[in-house]
Structure formats: C-alpha cells, structure tokens
Amino acid sequence: MIEADPALTAAYVDLVFAWGYAAVGERERAEGLLAGARVLDRADPVHDALVSAYEARIQQALQGVPRDTPLPPEASAKLAGLPSFQRYQVDRLRNASGILETHERLDPFRAFERQFDDSRGPEFAALRGETDTAVLRPALAGLVDVAREHDEKERLIDGVFDFLPLLSAVDALPLFDALVGLVDGLEPAARVRLLTDGLVVAGLLGRTERARDLSRRIVDAIRELPIADLGAITEGLSGSLRGLRRVGLEDEARSLLEAVQSALAVDPDAAVVVLRDDAASRLTRAGVVGGLLALRAPGALDQLDVLLGTLDENLPPLKRLPITRALGMALASAPRAEAFARLPKLSEHLPSITDSFNTNSHFCLSVVSYAESVVLGYADTELGSRARAWMDASEFRVRRRIHS
C-alpha cells in the first residue's frame, strides 16, 4: 500500500480548517491556515485546481455566501483543461467533499473510464466556466431537448440542473420545469436523486411553489424506493431539507423525513417500529436525524446518541467514513451546547484512518474527508440555529427580489 505524504495531506486538512474558521467569521485564522497550505506545489495541476477551489470557498464563506452556491467560474474553469487522470484525482476529492461540492453530483470513475472531458459527460465540457447567459441558456435548452430521447437521460438532466443557478429565474424556470417533466417515468431511485437536485435549485431560486411540488414528488418516489437504495439518498436528503427550509416549507420537510423513516422500518405499520441496522440504513438514519434536529423534533438527540455509539463497532473504514460525515452534518443542526458535547466523538477514530487509493500521490482522501466531517459539524454549529434561520430567511427574501 502506498501511503500519502503526511505533509501534503496536512496541507489539505489546513484548507478544510481554514474554511471552517472562515465560516464562523474568523478571517485572520482562516487566512493564516490558507497561507500555510502553500506547501502544495501550484505548478502541479491537481494541487492548483484544488487549492483554487478551496480558496474560492473560503472567500465565499468570509462573505457569508451560502454553501449551496456554485464555485465561481474562474475556479471551475481550471478543471476543464485537466488531463483525464488528473481530473479523476481532483473529482475524487470533490465528490467526497461537502465544502467543495454541495450541488453537483460527480461520478469520477465513470468519467475516467469513458474518458469524458467533463465529469458530467462530453456535452458539458464546453460550458464549464462559461459565464455568458446568452451562451448558456440556448446551450442548456438544446441539452434538455437531447435528453428527451437520450439513452442516458438521467445523466443529462443531472448535468443541466448543475448549471441552472447560473441563470436568472426568467431563463432558468422554463428549463427547470422541462427537466422536472422529464424525470417522470424514471425508476424511483433516479427520481429521488434528480428531484432532490431540483429542490436545491428551487431553493436557490427562491421558488416556494416549485419546492412544494418537488417535495410531494420526492415523497411519492421514496415510498416506491427499494430499501437497498436508501443509503444512496442521504446526501440528497440533506440538500432537500436545506432547500425546503430556505423557502419556509417546514411542514413539507417533516413529511419528507416521515417518508424516509417509514421506508427504513422493517414494518412501518407495526405498533413498535423496528429499524434496519445495516451500514446503509445507519447512513440514511444519520441524515434523517440531522433533519429532525433542525426541526427540533422530540427524541432526536436520543436517536443521535444511538448512532454515535455505532461508530465504536467494528465497521470497515470505508463504511464508517460516510456515516461519520452524515453525523457531523447532523450535529450542525443540534443545539450548540449539545453539539459541542458530542463532537469529540467524531474524532476518536482519526488515528486509524488511512487508505490505499490512487489519490495518495497528492493526499490521503480518507483523512481529508474525515477531518471535514468534524469541521463541518463545528463550523455549522458555531453559526447557531438562530443565525442559520435568519440567514435562510434573509437569503430567501434577497433571492426573490433578485430573481424577480
């Protein structure tokens, strides 16, 4: 097994912590850690692309920009010219990161295997970094038309959703509605994945009516979803709940959580609901608990403690990591004192984390991902639930005015 250079991995961990300090407004500490990451050789295209992305996210955090906001075009454009394997290495970290990517869903393995010029497919390569809406809108409209009869309809819909936040509401909403219509008829797991993407976009555009409709559609798809596919919707669930809260639809958020809880139950009609306890179900339950904490549901902290206890069990590292990430995000929604009392639990397994991935030439992906799980929990908790609620409401009002 080839171990990653600890100095390189530590530099990426510093970038993660720099974002965390930026998120809570500690500019000096954020900029100090960012400067310390200069050990990364910017002449190396992998380091250069990733450092540029982290720098952009840190500046966005210092400015109070929501985490769902796309990367700025100049940072995104650096990815377009990367050779296939280097883009694969970059996308492995982006795919594992809730800081670098909160909206775009990546498939680094497929992109590398098929030699795509863009992780979303060759159709999107020319649009990466494009800022001119006069170019973007007709190009995206053309891709919507292509998707209607394409064998890879899901991939194309997913890719177009990624670009819609770059358009004004006038330009975005007709394309948005066309994409939602194309989702009908896909199998349940694909519908959940795509509709949760759409819900994030609806929240960013500040469109309550679209968010409410998508919430109903997601609940219907979850009720048809095989239990084996539940773990795959956890990240989308988190984005969906943020999208619903952003436009003030807490009742719809509760309905969505109730649908996932029912799907997790062995017998949802039983007097005592028994939950499945495999790793995939624990991952989904962690996402549900985060939503319950955000809604201040009774008993949510008890459920959180049960899941934190499972990290001590003999879980393989690759299964423990996503659960740890989901629990870090869940803690961010807990009351501040309760969250800080539990956050150290996430750090206990850090000394044993390693991997043998082919990203080790530049960083240990598992260590960076694990560190981010803790930082996301601390940073979001420090913001405080009252401040988050104010920002969600304020952002909603501002976006409605902009997009109107």
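The values are calculated or read from the model by the stated rules, or taken from the named source; none is laboratory data. None of the values given here were measured: they were computed from a predicted structure. When we count neighbours, we look across all protein chains shown, and the Cβ atoms used for this are built from the backbone with ideal geometry, even at glycine.
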key: Listing of helices (runs of 4 or more DSSP H) fully contained in segment 154-223 that carry 2 or more residues being farther than 16 Å from Leu256 by Cβ   = 169-183, 188-205
query = Looking at segment 333-340, is at least one residue crowded, with 18+ Cβ neighbours inside 10 Å and hydroxyl-bearing (Ser, Thr, Tyr)?
reply = yes
ask   = If we scan segment 68-88, do we find a residue that is modelled with pLDDT of 85 or more and surrounded by 19 or more Cβ atoms within 10 Å (Cβ to Cβ)?
value = no
inquiry  = Name the single residue that is surrounded by the most Cβ atoms within 10 Å (Cβ to Cβ) among those in segment 158-192 being under 14 Å from Ile218 (Cα atoms) and of a type outside the set (A, V, I, L, M, F, W, C).
reply    = Arg191
message = Every residue in segment 280-316 that is at negative phi and among the basic types (Lys, Arg), please.
response = Arg282, Arg285
request  = For residues that are among the charged types (D, E, K, R) and within 25 Å of Phe357 (Cα to Cα), scanning just segment 1-43, find the one that is surrounded by the most Cβ atoms within 10 Å (Cβ to Cβ).
outcome  = Asp14
ask   = Of the numbered conditions (1) at pLDDT below 90; (2) over 29 Å from Ala279 (Cα atoms); (3) of a type outside the set (S, T, N, Q); (4) surrounded by fewer than 19 Cβ atoms within 10 Å (Cβ to Cβ), Gly206 satisfies every one except a single condition; which is it?
value = (4)
ask   = What number of residues within segment 91-127 satisfy the criterion of being at pLDDT 70 or above, in contact with a Ser or Thr (Cβ under 9 Å, 6 or more places away or on another chain) and not hydroxyl-bearing (Ser, Thr, Tyr)?
value = 7
ask   = Of all the residues that make up segment 361-381, how many are surrounded by 20 or more Cβ atoms within 10 Å (Cβ to Cβ), modelled with pLDDT of 80 or more and not β-branched (Val, Ile, Thr)?
value = 8
remark   = Exactly one of Gly328, Gly309 is modelled with pLDDT of 75 or more, exposed (fewer than 13 other Cβ atoms within 10 Å of the Cβ) and closer than 20 Å to Ala280 by Cα, and that one is Gly309
